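Scroll down for the structure; my scribbles are underneath it.
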Amino acid sequence: MTDYEVRIGGERCNPAAGWTLVWDDRAQGIARLVSGTASVPVVVEGNSSDWVVTLNGRRIGVSVLTRRERLLADAASVERTHAGPTIVKATLPGLIVTVAVEVGDEVAEGATLLTIEAMKMQNEVRAPRAGKVIEVTVAAGQVVATGASLFRLE
Amino acid sequence: MTDYEVRIGGERCNPAAGWTLVWDDRAQGIARLVSGTASVPVVVEGNSSDWVVTLNGRRIGVSVLTRRERLLADAASVERTHAGPTIVKATLPGLIVTVAVEVGDEVAEGATLLTIEAMKMQNEVRAPRAGKVIEVTVAAGQVVATGASLFRLE
Amino acid sequence: MSPPPPFGRLLIANRGEIAIRIIRACRELGISPIAVHSDADGEALHVRAADQSERIGPAAAAESYLSIEAVIDAARRSGVEAVHPGYGFLSENPAFARAVEDAGLVFVGPSAAVLEALGNKLAARRSAAEAGVPIVPGTTVALGDDPEPVEAIGFPVMLKAAAGGGGRGMRRVDAAKELRPAMDSARREALAAFGDGTIYVERMIAPARHVEVQLLGDRHGSLAILGERDCSVQRRHQKLVEESPSPAVSPTLRTALFESSRRVAAAVDFHNAATVEFLIDVEGNHYFLEMNTRLQVEHGVTELVTGLDIVAWQIRVAAGEALTADVLEASSRGHAIEFRLYAENPYDDFRPTAGRVTAWRMPDGPGVRVDAGVDRGTELRPEYDPLLAKVLVHAGDRPAALARMRRALDETRVGGLETDAGFLRWLVDDSAFASGDYDTSLIASRWVNGPVLTDEEAALASAAAVAARMGATTERPEAVPEAESDWGKQARREALRR
Amino acid sequence: MSPPPPFGRLLIANRGEIAIRIIRACRELGISPIAVHSDADGEALHVRAADQSERIGPAAAAESYLSIEAVIDAARRSGVEAVHPGYGFLSENPAFARAVEDAGLVFVGPSAAVLEALGNKLAARRSAAEAGVPIVPGTTVALGDDPEPVEAIGFPVMLKAAAGGGGRGMRRVDAAKELRPAMDSARREALAAFGDGTIYVERMIAPARHVEVQLLGDRHGSLAILGERDCSVQRRHQKLVEESPSPAVSPTLRTALFESSRRVAAAVDFHNAATVEFLIDVEGNHYFLEMNTRLQVEHGVTELVTGLDIVAWQIRVAAGEALTADVLEASSRGHAIEFRLYAENPYDDFRPTAGRVTAWRMPDGPGVRVDAGVDRGTELRPEYDPLLAKVLVHAGDRPAALARMRRALDETRVGGLETDAGFLRWLVDDSAFASGDYDTSLIASRWVNGPVLTDEEAALASAAAVAARMGATTERPEAVPEAESDWGKQARREALRR
């Protein structure tokens, strides 16, 4: 038996016992969790250690790590904590409408950094933590793809 | 340009000109034939020279042969014509209810040879041509799979 | 807010689309649905849709879905409070209804006594005649070896199985010399299908419409009459298409049909769902055929025009609920049609086919309902009924319903096995069907084995196959370099007209 | 049999689910449907469903679906006789309606003059007030830089765009100090969305229900009032859920709403389909908000309860047909609800998401209708509205409709991107929504960013992920060897209750 460690949102989590996963359409990840007396519809996506399970319409990110993978992940995480700047990236593609900060500004956690228009809505990008803006890589009027760097915070 | 010969039910057939096949869901063979001004839904199954196209709900077997394949097929066909006995096979799986002929019987084309029960219906298997029954390979009460030999006609 | 569930758990003693229909009703009522399956159905759609499924035996229906013992065992094991039999299989078997009740469970259907009284078609004929309902002229006692009662009626006649249903054991006989072999073969088929070879004879009414009336009764004496359905499009005496209202039923005839239905139901202590079937001759006379004491395949047609959920009501009245005014005063709105999608070859006398479903896309959008029993990857087995899905439409009037059905069929895509879709697509444009003026001979007289493949169809199919062979990136089929032919233009016009 | 088609070919100047809805109406009317597409939509579902599709420009909507010139060019190229604009994009643009008519084609919608008169929300407010219809207290002229008119109304107030629609340019202002930035941001959003930054102010009515009335008029002066829809479940002032009838509307209020709607329509030379929107306060007073002179996203709710095909009628009246008695006397039967399935994250303030649809299974069966705009493999683009599909149900009453919606949602499976399905699944069990006693603040007050993930959900998701990692043949998740925990039993009970 493989000893997996399961985490959801960084928290350790024990899998429910007594449930079997039965594929309904494996190519689409459509499945059911069944126990002796009940059946719960799910969609399962992912591979290796990274999974997303949709349950009651909610997408739940689940990391399933072997002991070896966990040790490696912990090491990487420590490294990230010690590394300096945080890069703020676009979480969805769209048009930059306004940029609210300049290089050198000190921002609080949650402060609005810029507004991006996507799906016809104005979406605000906020600072993931407090810090000083050390680079602004976009300007108003520019179209960005998902994952594009927007700012660097020191 | 490859020069294909197309046959439907043994008859040569010219493909309609000016229509493009556009896949809708290739894994399922769901497609449309489109011309400048119209769109016809089809399902396309098969590979190499053997295809089945479903059009207006009708399954149409289409053989698409290169010159080389056509020559080989013609040769095989001539061989079949000259070969002696015809084997009558089950076209659907089911239970043999009655066997109407014995070895030695002379049967006319279309004569009932046996009755097979499938999908709760009685289906009659008929002689594909006139001839003498030289072998009966099944008996009433037996369950047969699709493609199973039933009789040999001389 | 929502009422308490009628039952905690319910066993569905069936398979395919009707099992899924009942599972859906259970879910909406808050009941946990428990399926059953033979070894052939371990991964079937109805098993995957239920909360749990109990194995009841090998593939052969006689040892699984038709085994009273196996089904009762499954009900006991799974701790259900009620059993819904669906249609076919054990649905009209009085011994099964009694076994369910003996196990302390609720049978979702009429009492065993009613199933007994109406399950024997001969007894039902006598009962209807006594209630003053017109029956098809013929015998009311079992037919022996003596052909005299048959000859007295005059040919053509219909031989029918007393235990009959679904067209099994039914034979049309046109002349005296055909009688003996037809009697033998009808008896044999009846015995094989029902374990009872008793047959009787009726005068052949032709041309005729086949019209049925939907009943729903509670255990408190209320009876709802939920309109009629026309089921005249048949092959092998089995229905392929149903619609409501019937284009052949005038308001006067409707009143008469409803009154006859009420009398037949009143003659027994009826509750739950049932259907009274009639033949209508060209003069508009109606003749009682039989009463089916179960849910019908085609119940969805009535659900569409009345807005009621017949399956949910079956379960609710089985739990003792009374029918509400909504049901008792239900009226019909618009026009609904059901086309049954079967795995059978309409170009070969509707012979059943088998195989694996490799492409499966069902229509949706406004006014379309699909009740399917399979999905992509399902292997069709010869042991069971070849019904794949029912495509139903509802619209303001019959022409709009036909147009909607044509659209729905064009959206439907099935691959991997022969289906009756080619027939259904033809039917929706057939002038007799479109006019509403058709009878039970429609398929035999107008379809036979279907129209021959047209040059246009052959050329389009060829173009598709050549393009497929050449690969998906082909911009045009290259096998025909010459300019577009006249019939190519015609084909486009045809395509446009659809 | 079937009537001649109103047009030979019709151009659908839209995309997504509404283009498919119009294509289906065309097919049923015998019209050849022609789609349009931007470069981003070359393989979109609506393109595949049409007979033909014309490219109208690059991905950006301003250069394709919003380009009057490009759409008119496409209509000319494809030889259509009429243009249906759907909703959004050019549907309420008087210049577009005029350009269509100038090209000698029929615009499926009201005249350009009506679009003009009602498209400006300020002008519409004045017109309604003149017709004796109550309007929300506030300004009837454009707001300048002077905050005085706003302060005179008293906070809280709503700022709105005169050219508005879809919640764009709308801002709630609770105090004087928020007013200036809100005015600036509303003007900026309105200018970006509509090319017109004019705003006005209304008193904030809260709590309020948002109820609208469906109108359908012909070119011969007949007007049908097809019942109301409740659209109070909103986020960002945009609708997520609609139902008919409204649980908040009494027969007396219904009569008043219909009368007000009739007056608003009578004030202009209205024909085709439109919706009159109202706010209802806690005392049951109604206030005219605006009239949308186009098909609404939620028209299907009214189609289900009335049995009518509103899109088909739009096309028929555009061709000059008169409304029939069926339409003019249509009544409502049962209860219908629509849930909109969006690519947006309900746990992050309903922020739009993007990505590829990797799993796609929609519900079907009795009383369920799905109007979808995508299928498996579709890539959601940030340029366009994130509506994936509308799931609609129809049943005898509201509790049965809710039960049916719960069942439909449990059958729905979408993978590959975040959707609002988690919110919808929560909503159907929310006590305020289930009671029918809710208002436009439901999401803001009861959902916020949704309930936290329960331990049960986390444990089930973990079990699924571990089993998936271990392979499909796993009989049980092996990560937890100990005996079943208490909440495991609880989770099963929960699962059973669903």
What average number of partner chain Cβ atoms lie no more than 10 Å from the Cβ of the residues making up C:338-344? 1
Which percent, to the nearest 5, of DSSP beta bridges fully inside the protein assembly as shown are antiparallel? 90
Working from Cα positions, state the angle (0 to 90°, nearest 10) between the long axis of helix A:67-82 and the longest principal axis of chain A. 10
When the distances between all Cα atoms of chain A are binned every 5 Å from zero, what whole-number percent does each bin get? 2, 8, 12, 14, 13, 13, 13, 12, 8, 4, 2, 0, 0
For the cross-link pairs C:LYS390/D:LYS390; C:LYS160/C:LYS390; D:LYS121/D:LYS177; D:LYS121/D:LYS239; A:LYS132/D:LYS239; C:LYS121/C:LYS239, which exceed 30 Å when the distance is taken from alpha carbon to alpha carbon? A:LYS132/D:LYS239
Considering only DSSP beta bridges where both residues belong to segment D:36-175, give the percentage that are antiparallel (nearest 5). 45
With all distinct Cα pairs included, what does the Kirkwood hydrodynamic radius of the protein assembly as shown come out to in Å, to one decimal, could you say? 33.6
Which of B:CYS13, C:CYS231 comes first, and how do the rest follow, when ranked by fewest Cβ neighbours within 10 Å? B:CYS13, C:CYS231
Mean per-residue count of partner chain Cβ within 10 Å for D:400-413 equals 5
Say a site is exposed when it is one of the GluC sites (Glu not before Pro), sits in a DSSP loop, and has at most 11 other Cβ atoms within 10 Å; what is then the longest site-free stretch of chain C? C:1-282
Note on chain C, DSSP bridge orientation, antiparallel percent to nearest 5 equals 80
Assuming a ≥ b ≥ c are the square roots of the Cα gyration tensor eigenvalues, decide whether segment D:365-414 counts as rounded (a/c under 1.5), prolate (otherwise, with a/b larger than b/c) or oblate. prolate
Would you tell me the mean number of C-beta atoms belonging to other protein chains that fall within 10 Å of each C-beta in B:90-98, as a whole number? 3
Considering only C-alpha atoms, what is the centroid distance from segment C:16-72 to segment D:271-336, in Å? 43
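Each value in this text was obtained by applying a stated rule to the coordinates, not by laboratory testing. Note that the structure is a prediction, hence the values are computed from the model and not measured. Using ideal geometry, Cβ is built from the backbone for each residue, glycine included, and neighbour counts are taken over all protein chains shown.
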